[in-house]
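Worksheet: one structure, shown below.
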Amino acid sequence: MLRVHCARRERGPRPVQETTVSAARSASFRSSEGLRRLAERIAGPRLARLLAHPLAQAFGRFLSVGVVGLATDASIFSVLDRAHMAPELSRALSLLAATGVTWTLNRCVTFGASGRKPLGEALRYALVAVLAQGFSYGVFLTLVYSAPALPRLVDLLVGASLAAFAGFAGHTFFAFAPARAPVLRSRSVP
């Protein structure tokens, strides 16, 4: 059985105990109001409103998890590349390790549990990851062979950056999309 050890992130606002509601609202308002004002000063009110959108915040968390996954990917790739393993194999192994790390973190930090069994969710995540990382891998190989003067780590970073948008969309709307309740249809007996 597949288990994920993390505090599960619930969808929607977290419940607050009755005794601390006013204190929590006050603290939340102060911190979000201060951030909103700072964002408006730096980027303008339109961009500040855009950055406050839940989807933009989820994308920010997704990118943060992606940085951890990228660090895992790049570290393992670098070690294997220095050991003179073929770049095709070392990249594939580093992607596999990074996928395991990012699924766990995205489930805990970015999207929360979808309501599916962890194995089913992991398989949906793997499908999206294979497609996004396949694109990343294709970009990587294209750059390795078409621009051999570029450092291989740069090739890796370009591919991963381009694949981030496709991965976020797939994980948001497929892998971690809330499970639908089964539709029960009754048979009409004549």
In segment 58-115, which residue that is over 17 Å from the mean Cα position of the chain (by Cα) and among the acidic types (Asp, Glu) is nearest to residue 135 (Cα to Cα)?
88
Restricting to segment 82-112, name every residue that is in a loop (DSSP other than H, G, I, E, B) and either more than 18 Å from residue 67 (Cβ to Cβ) or among the aliphatic types (A, V, I, L, M) (or both).
83, 84, 85, 86, 112
Selection from segment 113-149 of residues that are more than 18 Å from residue 69 (Cβ to Cβ) and in contact with a helix residue (DSSP H, G or I) (Cβ under 6 Å, 6 or more places away or on another chain)
114, 143, 144
Output yes when any residue across segment 27-41 is modelled with pLDDT of 75 or more and either surrounded by 11 or more Cβ atoms within 10 Å (Cβ to Cβ) or not assigned by TED's automatic domain parsing to the domain that holds residue 129 (or both), and no when none is.
yes
Taking segment 69-84 on its own, how many of its residues are in contact with a Leu (Cβ under 8 Å, 6 or more places away or on another chain) and surrounded by fewer than 15 Cβ atoms within 10 Å (Cβ to Cβ)?
0
Within segment 104-138, how many residues are under 16 Å from residue 160 (Cβ atoms) and either at pLDDT 85 or above or hydroxyl-bearing (Ser, Thr, Tyr) (or both)?
12
Could you look through segment 113-164, keep only residues that are hydrophobic (A, V, I, L, M, F, W, C) and outside any helix (DSSP H, G or I), and pick out the one that is surrounded by the most Cβ atoms within 10 Å (Cβ to Cβ)?
113
Which listed residue is acidic (Asp, Glu), farther than 20 Å from residue 167 by Cα and in contact (Cβ under 8 Å) with a residue 40 or more places away in the chain, from 81, 73:
81
Go through segment 79-138 and give me each residue that's among the aromatic types (Phe, Trp, Tyr) and more than 24 Å from residue 54 (Cα to Cα).
135, 137
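The values are calculated or read from the model by the stated rules, or taken from the named source; none is laboratory data. What you see is a predicted model, and the numbers here were worked out from it, not measured in a lab. Using ideal geometry, Cβ is built from the backbone for each residue, glycine included, and neighbour counts are taken over all protein chains shown.
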